[in-house]
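The values are calculated or read from the model by the stated rules, or taken from the named source; none is laboratory data. From a predicted model like this one, the values you see are computed outputs, not experimental measurements. In this analysis, Cβ positions are derived from the backbone assuming ideal geometry, glycine residues included, and neighbour counts consider all displayed protein chains.
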Amino acid sequence: YQQIVLASRPQGHVSPDNFRLESVPVPSVVEGQVLVRNHFLSLDPYMRMRMEDIKSYAAPQALNAVMVGGTAGEVVESKNPKFKPGDKVVGMFGWAEMGLSDGAGLKKVDTAQIPLSAYLGSVGMPGMTAWYGLTQIIAPKAGETVVVSAASGAVGSVVGQLAKARGCRAVGIAGGPEKCAYVVNELGFDDCIDYKAGNLKADLAAATPDGIDGVFENVGGEILDACVARMNPFGRIALCGLIAGYDGEPMVLNNLRTLLTMRLTVRGFIVSEHPELWPQGLTELGQMVAAGKLKFRESIAEGLAAAPEAFIGMLKGKNFGKQLVKLI
Ligand code: NDP
């Protein structure tokens, strides 16, 4: 089967040369092990940070090792009593068509009402990220205004829908009129600002007439600055991601003074560090998806060899919704 390894670390923007496609033999399964064929690979912005050898919350991705990543697939062979062939499972097999596991970190999922791919999106890590930042950091009351950047994406789309379900005014920020129309018309946000239109500050002011109580930040830079400037006293900022800076772009916060004068709370978080809350969050998200109350969209690249281009595209906003690679 095929797999993709990290061949070199990026200097600035990621390039296809940073990856290498390899063929490896299918391993034999020994007692206690499970062999899985991956149907979907999840591409996520955090992988960009792992590609660098810098101090972070996780160790860097090793060179010449399979790129890290969440996967969803099907058990093809099992010598582990907890799994049988045909079971649908999510795991962390990385950028590979197959994976061998001792069962640790492998989770069976029910695809009767929820499609397999959603366990990598709205009912998986990105959905849980939205749920954690919104409910545990912003903790909005009904009637408050919540703004989320990268609003049409895997995390942002869930943030706004959860905020609406809690009686908030949900305002998105996204790149381009098509994404903004989707955020309002399909996802049900109250408004969405196209930051590429060139009137970010004025458009944000018009969309948040009562100021902003909660910011779910996925981007950083000018977008975060514009949001901070409109925050109400005791507002909360869930600092989830800073994708505008992942290739090394400088990040400046000009409105630092507002943190003081408005007595704001800023909290960064890493969703994988809160496993105790995942069952609660994923239950709510799963029920909403099964009931059709949580909508999502996917961008699907075909075949493992397409993963590098799809990943590079996602970092530039070419994805529209959760970026996946379909492996079969
Ligand atoms: P998305 O599906 O939102 O895809 C990334 C999007 O980011 C792009 O589509 C693009 O949307 C936007 N973007 C890229 N570059 C820029 C830029 N320079 N300025 C503005 N927007 C940009 O990805 P996810 O939902 O998976 O991730 C969203 C954020 O959440 C990321 O920052 C990620 O690192 C973070 N995250 C954090 C976690 C945690 O535990 N803290 C866990 C999971 C994700 P557009 O076209 O609208 O610009």
LEU294 fails exactly one of the following numbered conditions: (1) among the hydrophobic types (A, V, I, L, M, F, W, C); (2) within 11 Å of the ligand (Cβ to nearest atom); (3) touching a residue at least 60 places away in the same chain (Cβ under 8 Å); (4) in a loop (DSSP other than H, G, I, E, B). What is the number of that condition? (2)
Single residue of region 21-59 satisfying the filter (in a strand (DSSP E or B) and without any contact (Cβ under 8 Å) to a residue 24 or more places away in the chain) that is surrounded by the fewest Cβ atoms within 10 Å (Cβ to Cβ): SER23
I'm told LEU259 meets every condition in (1) surrounded by fewer than 18 Cβ atoms within 10 Å (Cβ to Cβ); (2) within 15 Å of the ligand (Cβ to nearest atom); (3) part of a helix (DSSP H, G or I) except one. Can you identify the failing condition by its number? (2)
Which residue is nearest to ASP210 (Cα to Cα), if the candidates are limited to region 140-191 and must be β-branched (Val, Ile, Thr) and in a strand (DSSP E or B)? THR145
Criterion violated by THR283 - all others in (1) out of contact with any Lys or Arg (no Cβ under 6 Å at 6 or more places or on another chain); (2) more than 12 Å from the ligand (Cβ to nearest atom); (3) polar (S, T, N, Q); (4) in contact (Cβ under 8 Å) with a residue 24 or more places away in the chain satisfied: (4)
What about GLY167, is it touching a residue at least 60 places away in the same chain (Cβ under 8 Å) and either of a type outside the set (A, V, I, L, M) or within 15 Å of the ligand (Cβ to nearest atom) (or both)? no
For the condition within 12 Å of the ligand (Cβ to nearest atom), of a type in the set (D, E, K, R) and either surrounded by fewer than 22 Cβ atoms within 10 Å (Cβ to Cβ) or modelled with pLDDT of 95 or more (or both), what is the one hit in LYS141, LYS107, LYS179? LYS179
Residues satisfying the stated conditions in region 218-233, i.e. surrounded by fewer than 20 Cβ atoms within 10 Å (Cβ to Cβ), within 12 Å of the ligand (Cβ to nearest atom) and part of a helix (DSSP H, G or I): GLU222
Conditions (1) closer than 20 Å to ARG297 by Cβ; (2) buried (at least 18 other Cβ atoms within 10 Å of the Cβ); (3) out of contact with any Lys or Arg (no Cβ under 8 Å at 6 or more places or on another chain): number failed by GLN113: (2)
Quick check on my filter: what residues within region 183-200 are away from the ligand (no atom under 15 Å from the Cβ) and over 25 Å from the mean Cα position of the chain (by Cα)? ASN199
Within region 154-173, is even one residue of a type in the set (S, T, N, Q) and over 22 Å from the mean Cα position of the chain (by Cα)? no
Would you call GLY241 within 11 Å of the ligand (Cβ to nearest atom), assigned by TED's automatic domain parsing to the domain that holds GLY133 and either exposed (fewer than 13 other Cβ atoms within 10 Å of the Cβ) or in contact (Cβ under 8 Å) with a residue 40 or more places away in the chain (or both)? yes
Looking at VAL68, is it closer than 22 Å to GLU302 by Cβ and in a loop (DSSP other than H, G, I, E, B)? yes
